[in-house]
Amino acid sequence: MVLSVLLSALLELNLAMKKINEIEKLDINWQKFIAEISTTPLEKPCLYIVATPIGNLEDISIRSLRILSQVDWIVCEDTRRTSKILQKYAIHNKSLKSYRQHQKQKDLDWVYQKLSCNCTLALTSEAGTPGISDPGADLVREVRARQLAKIVPIPGPSALATALSVSGWQTNPTIFTGFLSMRKSRRVNALKELNDFHGAIVLYESVHRLKKIIMEIQENIPHRDLLLSREMSKYYEEFILFRGDIPMTWEEKLKGLKLKGEFTLVISPLRVKS
């Protein structure tokens, strides 16, 4: 009996290993694939707002790949991150232009000039959907105000929507605050105001002050659960629930928290229990 069970387990393991090897041997000719889907000409001039993966590069859409392969220029919050996507999907010889907050006016002038010359541009953020807590919002607003080109969104990954989807809470209504103020007084005042809101609350936070922010949330928005999302869609993806009804466990959980990457925090609606 034991021997037959062991043999059966070994057979299943062997079949599983064969399937893994077959998957690893898959060699998709991305260059050919991109060429086949890039036959429809783009409207000119046009600014495409292209969502890119928040972690796992497989999360990009076919439409996003097509647009990135066809536009004249890609305007990037981080050219290194966008270059990784282009490299993985064999999109070669693309012209990239950085767009940063500290050189915003200079870069805006460049965008105006290119659109005036009938170019097509794609805007990408460091990760996720452009215009959500990043400098891309200013670019979109200014292009629309000047009526320089059609603005077309190319939907895709978003840390905001991804974190809400795994919360399990009723998220209608929801307030999204992005990154709170660097100044503690303003941050605490904002949290106290948010305490009056009965729906879900979503924040972004960096690694540098994460623990401080979480304890400020516990103090100023008490009795609510907090879901912390870290490295979403990546290998070390992690979701940690802080229970509002047992606040004494929060500090203990924070001690074992890996402080790496950026974090999305979802505060539960009022009167919701896990």
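For the stretch 123-144, how many residues meet the condition of being out of contact with any strand residue (DSSP E or B) (no Cβ under 7 Å at 6 or more places or on another chain), in a helix (DSSP H, G or I) and in contact (Cβ under 8 Å) with a residue 24 or more places away in the chain?
So the answer is 2.
So, in the stretch 51-82, how many residues would count as being free of Cβ contacts under 8 Å to residues at least 40 places away in the same chain and more than 11 Å from E126 (Cα to Cα)? Talk me through it step by step, then tell me what you get.
From the stretch 51-82, those free of Cβ contacts under 8 Å to residues at least 40 places away in the same chain are 57-58, 62, 65-66, 69, 79-80; that's our starting set.
Going one step further and asking which of them are more than 11 Å from E126 (Cα to Cα), we end up with 57-58, 62, 65-66, 69.
Qualifying residue count for the region: 6.
Can you pull out every residue in the stretch 170-182 that is out of contact with any Pro (no Cβ under 8 Å at 6 or more places or on another chain), exposed (fewer than 15 other Cβ atoms within 10 Å of the Cβ) and part of a loop (DSSP other than H, G, I, E, B)?
Scanning the stretch 170-182 gives N172, P173, S181, M182.
Any idea which residue in the stretch 69-98 is surrounded by the most Cβ atoms within 10 Å (Cβ to Cβ), counting only those that are within 18 Å of E36 (Cα to Cα) and among the small types (G, A, S)?
S69
With L139, L164, L194, L226 as the choices, which residue is in contact with a Phe, Trp or Tyr (Cβ under 7 Å, 6 or more places away or on another chain) and assigned by TED's automatic domain parsing to the domain that holds R243?
Numbers: L139 fails: assigned by TED's automatic domain parsing to the domain that holds R243; L164 fails: in contact with a Phe, Trp or Tyr (Cβ under 7 Å, 6 or more places away or on another chain); L194 fails: in contact with a Phe, Trp or Tyr (Cβ under 7 Å, 6 or more places away or on another chain).
Going through L139, L164, L194, L226 in turn, just one is in contact with a Phe, Trp or Tyr (Cβ under 7 Å, 6 or more places away or on another chain) and assigned by TED's automatic domain parsing to the domain that holds R243: L226.
Name the residue, out of Q101, Q147, Q113, Q105, that is surrounded by fewer than 16 Cβ atoms within 10 Å (Cβ to Cβ) and in contact (Cβ under 8 Å) with a residue 12 or more places away in the chain. Steps first, answer last, please.
Numbers: Q147 fails: in contact (Cβ under 8 Å) with a residue 12 or more places away in the chain; Q113 fails: in contact (Cβ under 8 Å) with a residue 12 or more places away in the chain; Q105 fails: in contact (Cβ under 8 Å) with a residue 12 or more places away in the chain.
Only one candidate qualifies: Q101.
Which condition number in (1) of a type in the set (D, E); (2) at pLDDT 95 or above; (3) crowded, with 19+ Cβ neighbours inside 10 Å is the one that D134 fails?
Looking at each condition in turn, D134 falls short on (2).
When the stretch 145-169 is examined, which residues are found to be part of a helix (DSSP H, G or I) and small (G, A, S)? Steps first, please.
Pass one, the stretch 145-169, residues part of a helix (DSSP H, G or I): 145-146, 159-165.
Matches in the stretch 145-169: A145, A159, A161, A163, S165.
The values are calculated or read from the model by the stated rules, or taken from the named source; none is laboratory data. Computed from a prediction, not measured in an experiment: that's the story for all the values here. Please note: Cβ atoms are built from the backbone with ideal geometry, for glycine as well, and neighbour counts cover all protein chains shown.
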